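Remarks on the structure that follows.
The values are calculated or read from the model by the stated rules, or taken from the named source; none is laboratory data. On a predicted model such as this, the values are computed, not experimentally measured, just so you know. Neighbour counts are summed over all protein chains in view; Cβ atoms, including those assigned to glycine, are modelled from backbone coordinates with ideal geometry.
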Amino acid sequence: MNRFSKLLRASLLLIVCVLSVSAIAAGGSRNAPPPANESELLAAGFKVLVATTKVQQDWVNNLRPNEFRPMQRTGKKYFIYPDASKTQIYVGGPQEYEAYLQLHPERRNEQAARNAQVAADKAAYLKQNQNMETANGRDLSNPFLGASWNELMGW
């Protein structure tokens with residue numbers, strides 16, 4: 001019994017340590033970028049769109065603060081910067097975004113890191129998807145997946 005309780009304490013201590021280290025790493029690695037200046041966004045050519053409906057206001061409030069969000073609509077690329085306190089967004093195209101990045105080169109590194117993370121996530125997904133397909137080994141043209149009538153009927 002004594003040996004079991006020591007093992008249990010050691011396991012709990014290990015779990016607490018791992019959770020503490022992961023919480024510190026997660027909290028410390030995410031430094032929020034400084035908020036963008038409204039006048040700089042307007043000078044770069046961004047347009048202001050005010051959220052008027054409840055759905056639009058909820059959407060603006062759910063966007064990550066102080067981050068540009070790339071979007072594509074009708075084949076055109078846009079960059080959106082939310083201002084939740086005023087329930088509005090700043091919208092600009094690639095030229096306006098590039099003009100803003102000329103004023104703030106530190107944001108370029110953030111965007112590159114975000115793009116690298118998205119690419120890594122996509123590669124991991126594709127690898128997992130390929131592994132799942134080979135593990136399943138299912139042939140969709142065979143509805144019984146290789147099982148015979150005898151196996152299906154229990155004969």
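Figures for the structure shown
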item	result
Breaking point among (1) more than 17 Å from residue 38 (Cα to Cα); (2) of a type outside the set (Gly, Ala, Ser); (3) not in a helix (DSSP H, G or I), for residue 79	(1)
Test: residue in segment 63-76 that is part of a loop (DSSP other than H, G, I, E, B), surrounded by 16 or more Cβ atoms within 10 Å (Cβ to Cβ) and more than 22 Å from the chain's Cα centre (by Cα)	no
Hey, residue 122 under 16 Å from the mean Cα position of the chain (by Cα), surrounded by fewer than 15 Cβ atoms within 10 Å (Cβ to Cβ) and farther than 24 Å from residue 42 by Cα or not	yes
Residue 45 at pLDDT below 70 and among the small types (Gly, Ala, Ser)	no
Those residues of segment 82-105 which are assigned to a loop (DSSP other than H, G, I, E, B) and either of a type in the set (D, E, K, R) or on the phi < 0 side of the Ramachandran plot (or both), in sequence order	93, 104, 105
Failed item, numbered, when residue 59 is tested on (1) under 19 Å from residue 38 (Cα atoms); (2) in a helix (DSSP H, G or I); (3) free of Cβ contacts under 8 Å to residues at least 60 places away in the same chain	(1)
From 99, 147, 112, residue being modelled with pLDDT under 80, under 15 Å from residue 68 (Cα atoms), surrounded by 10 or more Cβ atoms within 10 Å (Cβ to Cβ) and hydrophobic (A, V, I, L, M, F, W, C)	112
Pairs where the first residue, in segment 72-89, is farther than 19 Å from residue 45 by Cβ and the second is surrounded by 10 or more Cβ atoms within 10 Å (Cβ to Cβ), C-beta under 6 Å, 6+ apart	84/60; 84/61; 87/51; 87/57; 87/60
